[in-house]
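**Student:** Before anything else, here's the structure in question.
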Amino acid sequence: MTKDQINVAVQTRVKQLVSQLNEHSYRYYVLSQPTISDAQYDELFRELQALENQHPDLIRSDSPTQRVGGAPLGGFKTVRHRIPMLSLDNAMNETELAEFDEQVRRFLSKEGVELDEVEYTVEFKFDGVAVSLAYENGMLAQGATRGDGSTGEDVTANVRTIKAIPLKLRADPELLGTIEIRGEVLFRKKEFDALNEERVARGEESFANPRNAASGSLRQLDPRETARRPLWFFAYGVGVIESDDPRVATLASAPLLEAMHSVESLGFSISPGFRIVKGVRQLIAAYKKAEDERESLPFEVDGLVVKINDVKLQERLGFRQRSPRWAIAAKFKPVEAVTVLEDIIIQVGRTGALTPVACLRPVRVGGVVVSRATLHNQDEIERKGILIGDSVVVRRQGDVIPAVVAPVTASRSGHERKFVFPTSCPECDALVERVPGEAVIRCPNANCPAKLYNRLIHYASRDAMDIEGLGDKMVALLLEHDAVTDVPSLYDVTAERLRALPRMGELSSQNLVTRIAESKQRPLDRFIFALGIRHVGTKTASVLARYCKSVERFLELSEEELCEIEEIGPETARSVAEFLNSDQERYIVTELLRHGVQPAQIVVDSSKVSRLAGQTFVLTGTFASMSRKDAEGKIEEFGGKVSSSVSKKTSFVVVGDSPGSKLEAAKKHGVAVISEEDLLAMLR
Ligand code: IVH
């Protein structure tokens with residue numbers, strides 16, 4: 001084959017892979033009917049990635065590899081909504097819903113349209129964040145938040161990471177013109193729970209509900225962070241439609257049911273159960289049915305949205321100040337119950353955070369018996385004015401941890417008492433500390449038994465040192481019998497000692513000792529994660545491991561150097577530095593090493609390492625021969641450092657195609673500017 005023929009063949013394959021992968025993504029995220037396994041998907045994805053690496057000019061903007069691109073943003077641009085994003089009026093119960101139907105018919109009757117039964121569409125009211133997605137000639141061009149309805153924020157880079165949002169509309173040939181799709185970005189219950197669990201494990205505060213989590217995730221300045229959050233999208237309407245294509249005619253003018261089916265055919269999910277009902281009786285029945293279905297849905301909904309199906313009638317009805325007269329949100333009753341707050345206890349977590357927990361007289365909330373609820377922190381208790389002995393409103397949202405909403409002050413007897421937050425740790429009596437600017441109160445004692453318990457569980461957990469058989473029950477047993485006194489002493493435990501514990505047999509004792517010994521050789525990233533440093537999850541641990549390559553180097557890190565590492569934020573840098581500056585923590589790490597823990601080092605070729613040692617690089621623009629990530633990897637492999645911002649400490653700014661403001665910054669700081677070629681020469 002000639003060079004040209006090869007090029008054509010590669011181009012065809014790239015196009016084919018992009019379209020196959022997008023189709024599989026659609027089947028998975030929109031239709032929930034995958035036809036290939038995850039492994040098969042990954043294989044195709046890697047093939048595409050490899051081809052794109054070799055031929056960067058063939059990278060298409062709808063390629064699934066391009067869902068995360070570019071560097072963190074300094075802030076969001078504002079976007080003006082050409083058609084405002086309105087809100088909906090609420091109906092709080094069946095009576096108010098029936099009143100809505102009456103008002104609609106009365107209004108239309110004045111217009112000369114007499115109807116006994118109005119045709120409505122019904123769909124769920126999603127509890128997420130509203131976004132608008134603009135497609136230009138079939139390609140996703142802009143994603144914006146609702147904001148105040150007239151202007152929102154440009155979150156294009158973040159919405160691109162959401163797999164249920166097509167990068168290209170499903171239409172062949174592509175749809176010319178502008179098509180704006182509107183809908184809701186949300187978290188599903190199970191992924192929300194997992195996210196919160198992960199955050200708690202990292203010593204971070206959990207999100208109060210899936211809506212806050214969705215909103216926080218969508219407004220991350222670093223799209224890579226959004227990409228880690230499994231967000232979903234449901235379309236519920238259209239905005240600006242400017243296209244001569246007959247295929248989109250239905251979007252703007254057909255009855256809503258057909259328009260939404262067109263939206264669906266363009267590659268979006270719409271509300272499950274989206275359908276037509278006729279007249280008030282069917283409408284009320286649909287409302288009741290939807291409320292019954294609520295619990296079983298995989299995501300949070302807080303009502304049923306009712307819209308008039310006929311667009312002509314919609315136009316006649318028009319708008320009020322901020323909401324259409326042709327639609328209403330029939331809200332569901334919140335899943336709440338009133339019970340007595342019998343006591344408040346304090347739980348001490350792995351990082352020493354003291355969390356107040358409400359002990360409730362058991363009560364049924366939305367089908368589940370609740371006896372404990374989180375009170376988050378002291379400020380929260382004070383803000384809500386909650387007293388022990390109060391009758392309190394408890395709310396549960398789906399699978400979310402129940403929360404105490406407010407006290408019922410009218411039912412106070414005068415015997416209620418104020419909760420006094422302890423000044424010492426309930427587990428070890430150490431004086432607690434409140435970090436200025438944080439709501440969390442902590443026990444500073446590294447030997448606190450509650451901390452030790454949680455630390456041991458974390459150390460042995462699957463993503464950390466992965467010691468099978470060392471779960472919460474086993475850890476409790478070991479501590480109860482003083483078989484371990486700190487994390488390093490795990491490695492002193494013998495099979496004989498274990499056998500002396502209740503319910504421990506010969507074989508299980510031997511097995512556990514073997515598993516503990518095996519953990520000595522785990523890779524460095526797992527070891528760093530296992531240390532249980534605040535804000536250091538698996539991802540950060542792996543960044544640190546890649547950067548340090550050895551425990552010794554890790555122990556030398558200063559806060560300043562940590563701040564220089566790309567992907568490590570200031571809060572994390574501070575927390576790691578605090579850990580490394582603590583004598584108690586350092587003692588634990590050195591003791592672990594003395595006990596034979598030897599985290600597998602990351603192998604480096606020393607002839608390469610010295611090449612760029614001591615040099616800091618900042619990259620800007622796109623490179624012809626490699627991706628930014630590869631360039632960063634190469635520089636690090638050769639001992640150089642990569643930073644995201646230019647300062648006078650920067651050695652070189654490497655400039656690719658269409659460079660950003662870093663080039664200006666380089667000039668300002670008098671930093672040497674080099675090309676991609678120059679960089680390659682340094683590496684050669
Ligand atoms: S339609 C003009 N449909 O509710 C009508 N909105 O209070 C525009 N929402 O900001 C909205 N689910 O974020 C519509 N199925 C649904 C919805 C929905 C949730 C949100 C939306 C909007 C708010 C209106």
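**Student:** Which members of segment 190-214 meet the condition of being away from the ligand (no atom under 16 Å from the Cβ) and modelled with pLDDT of 75 or more?
**Tutor:** Going residue by residue through segment 190-214, those that are away from the ligand (no atom under 16 Å from the Cβ) are 190-208.
Within segment 190-214, Lys190, Glu191, Phe192, Asp193, Ala194, Leu195, Asn196, Glu197, Glu198, Arg199, Phe207 meet the criteria.
**Student:** Contact list please: Cβ distance under 8 Å, first residue in segment 82-105 and of a type in the set (Lys, Arg), second residue within 15 Å of the ligand (Cβ to nearest atom), pairs at least six apart or on different chains.
**Tutor:** If the second residue must be within 15 Å of the ligand (Cβ to nearest atom), the pairs left are Arg82/Gly239; Arg82/Val240.
**Student:** Which of the strands (runs of 3 or more DSSP E) contained wholly in segment 261-345 include at least 3 residues that are at negative phi and among the small types (Gly, Ala, Ser)? Break it down into steps so the answer makes sense when it comes.
**Tutor:** On the way: elements: 275-278, 301-308, 327-331.
Ranges flagged: 327-331.
**Student:** Given the conditions (1) surrounded by fewer than 15 Cβ atoms within 10 Å (Cβ to Cβ); (2) modelled with pLDDT under 95; (3) among the polar types (S, T, N, Q); (4) assigned to a helix (DSSP H, G or I), and given that Thr572 satisfies all but one, which numbered condition is not satisfied?
**Tutor:** All conditions pass for Thr572, except number (1).
**Student:** Related question: Just the residues that are within 16 Å of the ligand (Cβ to nearest atom) and either outside any strand (DSSP E or B) or more than 30 Å from Ile308 (Cα to Cα) (or both), please, taken from segment 218-237. I'd like the intermediate steps shown before the answer.
**Tutor:** Going residue by residue through segment 218-237, those that are within 16 Å of the ligand (Cβ to nearest atom) are 218-219, 231-237.
Across segment 218-237, the qualifying residues are Leu218, Arg219.
**Student:** For segment 467-480, enumerate the residues that are assigned to a loop (DSSP other than H, G, I, E, B) and open to solvent by 60 Å² or more (accessible area, probe 1.4 Å).
**Tutor:** First pass over segment 467-480, keeping only residues assigned to a loop (DSSP other than H, G, I, E, B): 467-471.
Of everything in segment 467-480, just one residue is assigned to a loop (DSSP other than H, G, I, E, B) and open to solvent by 60 Å² or more (accessible area, probe 1.4 Å), namely Glu468.
**Student:** Out of the helices (runs of 4 or more DSSP H) lying entirely within segment 612-684, which hold 1 or more residues that are in contact (Cβ under 8 Å) with a residue 40 or more places away in the chain and over 28 Å from Thr65 (Cβ atoms)? Steps first, answer last, please.
**Tutor:** Details: elements: 628-637, 662-669, 676-683.
Answer list for segment 612-684: 662-669.
**Student:** Scan segment 372-384 and give yes if some residue there is β-branched (Val, Ile, Thr), in contact with a helix residue (DSSP H, G or I) (Cβ under 7 Å, 6 or more places away or on another chain) and more than 30 Å from Arg275 (Cα to Cα), otherwise no. Reasoning before the result, please.
**Tutor:** Here is the first cut: in segment 372-384, the ones β-branched (Val, Ile, Thr) are 374, 381.
Imposing the further condition that a residue be in contact with a helix residue (DSSP H, G or I) (Cβ under 7 Å, 6 or more places away or on another chain) reduces the set to none.
No, segment 372-384 contains no residue that is β-branched (Val, Ile, Thr), in contact with a helix residue (DSSP H, G or I) (Cβ under 7 Å, 6 or more places away or on another chain) and more than 30 Å from Arg275 (Cα to Cα).
**Student:** Consider Ala681 against the criteria (1) open to solvent by 20 Å² or more (accessible area, probe 1.4 Å); (2) under 22 Å from Leu562 (Cα atoms); (3) not charged (D, E, K, R): it satisfies all of them except one. Which criterion is unmet?
**Tutor:** The failed condition is (2).
**Student:** Can you tell me which residue among Glu198, Glu180, Glu191, Glu205 is buried (at least 19 other Cβ atoms within 10 Å of the Cβ), closer than 27 Å to Leu297 by Cβ and acidic (Asp, Glu)?
**Tutor:** On the way: Glu198 fails: buried (at least 19 other Cβ atoms within 10 Å of the Cβ); Glu191 fails: buried (at least 19 other Cβ atoms within 10 Å of the Cβ); Glu205 fails: buried (at least 19 other Cβ atoms within 10 Å of the Cβ).
Only one candidate qualifies: Glu180.
**Student:** If we only count strands (runs of 3 or more DSSP E) wholly inside segment 360-408, which ones have 2 or more residues that are at pLDDT below 90 and in contact with a Pro (Cβ under 6 Å, 6 or more places away or on another chain)?
**Tutor:** Numbers: elements: 368-374, 391-395, 403-407.
In segment 360-408, the matching strands (runs of 3 or more DSSP E) lie at 368-374.
**Student:** Can you give me the number of residues within segment 143-153 that are more than 10 Å from the ligand (Cβ to nearest atom), open to solvent by 40 Å² or more (accessible area, probe 1.4 Å) and more than 19 Å from the chain's Cα centre (by Cα)?
**Tutor:** 4
**Student:** Any residue in segment 121-142 that is closer than 30 Å to Arg281 by Cβ, open to solvent by less than 60 Å² (accessible area, probe 1.4 Å), over 27 Å from the mean Cα position of the chain (by Cα) and within 16 Å of the ligand (Cβ to nearest atom)?
**Tutor:** Initial filter on segment 121-142 (closer than 30 Å to Arg281 by Cβ): 121-127.
Filter once more, keeping what is open to solvent by less than 60 Å² (accessible area, probe 1.4 Å): 121-127.
Applying the additional criterion that residues be over 27 Å from the mean Cα position of the chain (by Cα) yields 121-122.
Retained after the next criterion (residues that are within 16 Å of the ligand (Cβ to nearest atom)): 121-122.
Checked segment 121-142: at least one residue is closer than 30 Å to Arg281 by Cβ, open to solvent by less than 60 Å² (accessible area, probe 1.4 Å), over 27 Å from the mean Cα position of the chain (by Cα) and within 16 Å of the ligand (Cβ to nearest atom).
**Student:** If I go through segment 523-568 residue by residue, how many of them are in a loop (DSSP other than H, G, I, E, B), open to solvent by 30 Å² or more (accessible area, probe 1.4 Å) and in contact (Cβ under 8 Å) with a residue 24 or more places away in the chain?
**Tutor:** Quick first cut of segment 523-568, residues in a loop (DSSP other than H, G, I, E, B) only: 531-537, 549-550, 557-558, 565-568.
Right, trim to open to solvent by 30 Å² or more (accessible area, probe 1.4 Å) and you get 534, 549, 558, 566-567.
If we keep only those that are in contact (Cβ under 8 Å) with a residue 24 or more places away in the chain too, we end up with 534, 549, 566-567.
Total meeting the criteria: 4.
**Student:** Next question. From the list Ser37, Ser32, Ser25, Ser61, exactly one residue is more than 16 Å from Pro166 (Cα to Cα) and either small (Gly, Ala, Ser) or exposed (fewer than 14 other Cβ atoms within 10 Å of the Cβ) (or both). Which is it?
**Tutor:** On inspection, the qualifying residue turns out to be Ser37.
The values are calculated or read from the model by the stated rules, or taken from the named source; none is laboratory data. All of these numbers come straight from a predicted model, not from anything done at the bench. When we count neighbours, we look across all protein chains shown, and the Cβ atoms used for this are built from the backbone with ideal geometry, even at glycine. Only protein heavy atoms, including side chains, enter the accessible area calculation; ligands, DNA and RNA are left aside. Shrake-Rupley method; radii C 1.70, N 1.55, O 1.52, S 1.80 Å.
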